[in-house]
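Participant: Pasting in a structure now, in structure tokens, and then I'll have a few things to ask.
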Amino acid sequence: TQALLSTPGMILGTVPYMSPEQVKGEQVDARTDVFSLGAVLYEMLSGRQPFASQSVAETIAAILNQEPAGLSQYAPNLLPELQRIVGKCLEKNRNLRYQNAAELRIDLQRLERNPKSTGAVSSVKSESRSETDAPPAGDKAVYAFLELFALAFTFEGAAALLRGECWNAPLI
């Protein structure tokens with residue numbers, strides 16, 4: 001007999017990064033990974049978890065019923081297109097979310113290739129800094145993008161392995 005990694009209906013995961021379907025104990029798929037990735041990216045860009053609350057129960061309620069504060073509240077110079085992408089990752093209705101990391105990757109590649117053509121104009125001011133300073137707000141998006149890109153493949157690939165599937169996505 002094969003030992004089950006989880007029992008149907010069992011909730012597994014780190015609550016602030018769980019998708020609505022995951023906290024309900026429903027079937028999960030690649031869209032759940034996209035939601036979790038969106039939560040990580042939101043936190044990287046804002047310094048805050050999108051649904052963090054005083055308790056686990058309140059965090060679950062926020063994941064199910066509340067929208068996170070707009071990223072522009074915490075990162076006013078963030079590209080609007082990147083805000084839209086993160087918002088789509090955190091969509092509560094999984095049918096409206098990116099369906100897999102490949103779809104997300106396409107939008108990120110468009111953003112990277114030509115941020116101005118996507119309406120993603122930034123008002124980042126030039127800031128002087130020393131080499132030891134943290135990156136200014138405008139550079140956070142670039143660093144977060146690179147992190148996200150690497151994590152997208154990791155989440156999708158790990159999920160496929162856990163499901164016993166062979167994941168043969170192109171690397172570029």
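Participant: Going by average Cβ density within 10 Å per residue, which order do the peptides 64-76, 25-37 take, highest to lowest?
Facilitator: So the order, starting with the most tightly packed, is 25-37, 64-76.
Participant: Multiply the residue separation of Gln66 and Asn114 by 0.36 nm, subtract the distance between their alpha-carbon atoms, and state the gained length in nm to one decimal.
Facilitator: Stretched out fully, the Gln66 to Asn114 stretch lengthens by 14.1 nm.
Participant: Shifting gears a bit: Once R0 is set to 22 Å, what does the formula 1/(1 + (r/R0)^6) return for the Cβ-Cβ distance between Val56 and Asn93, expressed as a FRET efficiency to the nearest 0.05?
Facilitator: Calculated transfer efficiency: 0.40.
Each reported figure results from applying straightforward, stated rules to the coordinates on display, with no laboratory input. Predicted, not measured: the structure shown is a model, and the values here were computed from it. Virtual Cβ from ideal backbone geometry, glycine too; neighbours counted across all protein chains shown.
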